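For reference, the structure discussed in these notes is given below.
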Amino acid sequence: MGGVTPDSTLETVFRMESARIVATAARIVRDVGIAEEIAQDALVAALEQWPLTGVPERPGAWLTATAKHRAVDLVRRRETYARKLAEVGRTLTEEAYDPEPPGPGDIDDDVLRLIFTACHPVLSAEARAALTLRLVGGLRTDEIARAFLVPEATLAARITRAKRTLAKAGVAFEVPYGEDRAARLGSVLEVIYLIFNEGYAATTGDDLLRPGLCEDALRLARTLAALAPREGEAQGLAALLELQSSRTAARTGPDGQPVLLAAQDRRRWNRLLVLRGFAALERAGDGRTYGPYALQAAIAACHARAPSYDETDWATIAALYGRLGVLAPSPVVELNRAVAVSMAEGPEAALPLVDALSAAPGLAGYHLLPSVRGDLLARLGREAEARAEFERATALTRNEGERALLRAKARALGGA
C-alpha cells in the first residue's frame with residue numbers, strides 16, 4: 001500500500017473495524033470490557049509493527065487476527081482453559097491473518113451479539129448509548145463526551161461502570177431468542193433512536209445538528225437491519241433514519257440557522273437516502289401491522305413523497321400519528337398529531353388539542369409546546385398571544401439555533 005502512511009491508515013481502519021475486532025475477541029473471552037482491552041492491544045501492536053513492516057494488504061484482517069490470537073492466549077492462561085477452549089471450539093486459528101475475509105455468518109453474527117450486549121436493559125439508557133458508541137461505533141471517549149456535552153471523566157466513568165455492570169450481571173455474549181430477544185431488540189432500537197435524535201435536533205449547544213451522531217446512528221441502524229432482516233421494527237427504524245437523514249442538507253441555511261420544514265428547498269433532499277428509506281419501509285412488512293418506528297417512517301415517507309409542503313397528505317399523517325399514539329402513547333406524539341390536524345383541518349381544529357396538552361407532565365418545560373401554540377395563534381390572527389408564546393418558548397429552549405428562530409418569530413409579530 002505504497003504512499004499511505006501507517007498512522008493515517010490505522011486510525012481509519014480501526015474506526016471502521018473496531019466493532020468486528022471487539023466482537024471477535026468478546027466471542028472468545030465472553031467479556032466486552034476485556035475484549036475492548038484486547039482490541040486496544042492489537043492497535044498498539046499495529047502502531048509498533050506497521051511503521052517497520054508496512055501496512056498489511058488487509059489491515060482490518062490483520063488487526064482482527066491479532067486480537068483473536070491474544071484472546072486465545074488469555075483463555076489459555078486461565079485456570080479454566082480446558083473448559084473455555086471447549087466452549088469456543090478447537091478450530092480457532094493463530095495465523096497472522098485469515099486467508100479469506102470472514103463470511104456473513106462469522107464476524108457479522110459477532111457484531112450483532114456485541115450490539116445486543118452493549119444495549120442490554122440492565123444498563124441505563126445513557127450507559128447503553130455511551131457503550132454502544134464506544135464498542136460498536138468506534139468513537140473515542142472524548143468524542144462521545146463532546147457529543148453528549150459531558151466532561152470526559154464523567155463519560156469514561158459511565159462506560160467503565162457499564163462494563164462492570166455487564167460482567168457482574170453475567171450477561172451472556174449472545175443474540176437472545178423468543179421473548180428475551182423481543183425485549184432486548186426494543187432496547188437496541190431505543191438506543192440507536194436516542195443517538196440519532198440527539199444528533200438530529202441537539203438539545204443544547206450552538207449547533208442545531210450534530211452530523212457525526214446522526215451518521216453513527218444511521219450506520220448502526222443499517223447494520224442491525226442487515227443482520228436482522230426479518231425484524232420489522234429494525235427495518236422500520238432504518239427507514240426512519242434514512243428518510244430523516246435525507247433532509248439534513250436543507251435543515252440549516254448558509255448562516256447555520258435552522259430552516260423549518262415548510263421553507264426547506266426539497267431539491268436539496270438526498271434522493272438516494274429517500275429511496276433507501278422507501279426500500280427499508282417496504283421490508284418493514286404490512287402497513288396495517290407497523291410498529292412505532294415503522295409508523296414514524298411512514299410519516300416521514302409522506303413528507304418525502306410530497307412535491308411541496310402544502311401538497312403534503314396531512315390527513316394521512318394525522319391518522320398515522322393517531323395509530324402511533326395508541327402503540328406508543330406520548331404527549332409529544334399528540335402534539336405532533338395536533339400539528340398535522342392543523343394542516344389538514346385548520347388551526348381552529350388543532351388549538352383545543354394543544355390546549356389539552358398544557359397540563360401534561362411530559363411537556364412541562366418542553367419548548368415546542370408554546371412554539372406550536374404560537375404558530376396556531378398566529379395563523380388565527382391572535383398576534384399578541386402568539387408573540388407571548390414564542391417568547392415563552394425562547395426562554396425554554398437550550399439550543400441557540402432554535403432560540404434565534406423563535407426570537408425572529410416573536411419580532412415578526414411586534415416583539416422585542
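Of all residues in region 143-161, those satisfying the criterion of being within 23 Å of Leu218 (Cβ to Cβ) and either open to solvent by 40 Å² or more (accessible area, probe 1.4 Å) or touching a residue at least 40 places away in the same chain (Cβ under 8 Å) (or both) are Glu143, Arg146, Ala147, Phe148, Leu149. Which residues, taken from region 128-177, are in a loop (DSSP other than H, G, I, E, B) and not hydrophobic (A, V, I, L, M, F, W, C)? Once the filter is applied, which keeps residues that are in a loop (DSSP other than H, G, I, E, B) and not hydrophobic (A, V, I, L, M, F, W, C), region 128-177 yields Gly137, Gly138, Arg140, Pro151, Gly170, Glu174, Pro176, Tyr177. Candidates are the residues of region 401-412 that are modelled with pLDDT under 90 and either farther than 20 Å from Leu363 by Cβ or among the polar types (S, T, N, Q) (or both); the one that is surrounded by the fewest Cβ atoms within 10 Å (Cβ to Cβ) is Ala404. Report every pair of residues separated by at least 6 positions or lying on different chains whose Cβ atoms are under 6 Å apart, first residue within region 303-327 and under 16 Å from Arg267 (Cα atoms), second open to solvent by 50 Å² or more (accessible area, probe 1.4 Å) and not in a loop (DSSP other than H, G, I, E, B). Close Cβ pairs (under 6 Å, with a partner that is open to solvent by 50 Å² or more (accessible area, probe 1.4 Å) and not in a loop (DSSP other than H, G, I, E, B)) amount to Tyr309/Ala262.
Within region 38-60, can you find the residues that are assigned to a helix (DSSP H, G or I) and either surrounded by 17 or more Cβ atoms within 10 Å (Cβ to Cβ) or in contact (Cβ under 8 Å) with a residue 24 or more places away in the chain (or both)?
Applying the first criterion (assigned to a helix (DSSP H, G or I)) to region 38-60 yields 38-53, 59-60.
Answer for region 38-60, where residues must be assigned to a helix (DSSP H, G or I) and either surrounded by 17 or more Cβ atoms within 10 Å (Cβ to Cβ) or in contact (Cβ under 8 Å) with a residue 24 or more places away in the chain (or both): Ile38, Ala39, Asp41, Ala42, Leu43, Ala46, Leu47, Trp50, Pro51, Pro59, Gly60.
Restricting attention to region 211-231, the residues that are at pLDDT below 75, open to solvent by 10 Å² or more (accessible area, probe 1.4 Å) and touching a Phe, Trp or Tyr at 6+ places or on another chain (Cβ under 8 Å) total 0.
Only one of the numbered conditions (1) within 23 Å of Ala263 (Cα to Cα); (2) open to solvent by 60 Å² or more (accessible area, probe 1.4 Å) is not met by Glu385, and that is (1).
Suppose the filter is polar (S, T, N, Q), in contact (Cβ under 8 Å) with a residue 12 or more places away in the chain and touching an Asp or Glu at 6+ places or on another chain (Cβ under 8 Å); does Ser330 pass it?
On the way: polar (S, T, N, Q): yes; in contact (Cβ under 8 Å) with a residue 12 or more places away in the chain: yes; touching an Asp or Glu at 6+ places or on another chain (Cβ under 8 Å): no.
It is false that Ser330 is polar (S, T, N, Q), in contact (Cβ under 8 Å) with a residue 12 or more places away in the chain and touching an Asp or Glu at 6+ places or on another chain (Cβ under 8 Å).
Which of the residues spanning region 232-270 are charged (D, E, K, R), surrounded by fewer than 22 Cβ atoms within 10 Å (Cβ to Cβ) and within 30 Å of Leu185 (Cβ to Cβ)? Residues satisfying the conditions are Arg247, Arg251.
Condition first: of a type in the set (Ser, Thr, Tyr) and surrounded by fewer than 20 Cβ atoms within 10 Å (Cβ to Cβ). Now tell me which residues in region 318-369 satisfy that. Spell out the reasoning first.
Step one: filter region 318-369 for residues of a type in the set (Ser, Thr, Tyr), giving 321, 330, 342, 358, 366.
Residues satisfying the conditions are Ser330, Ser358, Tyr366.
Filtering Ala61, Ala23, Ala42, Ala82 for residues that are more than 24 Å from Arg161 (Cα to Cα) and either of a type in the set (Lys, Arg) or at pLDDT 85 or above (or both) leaves a single hit, Ala61. Filtering region 191-210 to residues that are modelled with pLDDT of 85 or more and either open to solvent by 20 Å² or more (accessible area, probe 1.4 Å) or over 14 Å from the mean Cα position of the chain (by Cα) (or both) leaves only Tyr193. Taking the listed residues Ala294, Ala340, the one that is over 23 Å from Glu190 (Cα atoms) and part of a helix (DSSP H, G or I) is Ala340, with no other qualifying.
Please find, among Arg379, Arg373, Arg398, Arg392, the residue that is over 32 Å from the mean Cα position of the chain (by Cα) and open to solvent by 40 Å² or more (accessible area, probe 1.4 Å). Before the answer, list the steps.
Details: Arg373 fails: over 32 Å from the mean Cα position of the chain (by Cα); Arg398 fails: over 32 Å from the mean Cα position of the chain (by Cα); Arg392 fails: over 32 Å from the mean Cα position of the chain (by Cα).
After ruling out the rest, the residue left standing is Arg379.
The values are calculated or read from the model by the stated rules, or taken from the named source; none is laboratory data. The shown structure was predicted, so the numbers you read here are calculated from the model rather than taken from an experiment. Using ideal geometry, Cβ is built from the backbone for each residue, glycine included, and neighbour counts are taken over all protein chains shown. To get the accessible areas, we keep the full protein, side chains included, count just its heavy atoms, and leave off ligands, DNA and RNA. Shrake-Rupley method; radii C 1.70, N 1.55, O 1.52, S 1.80 Å.
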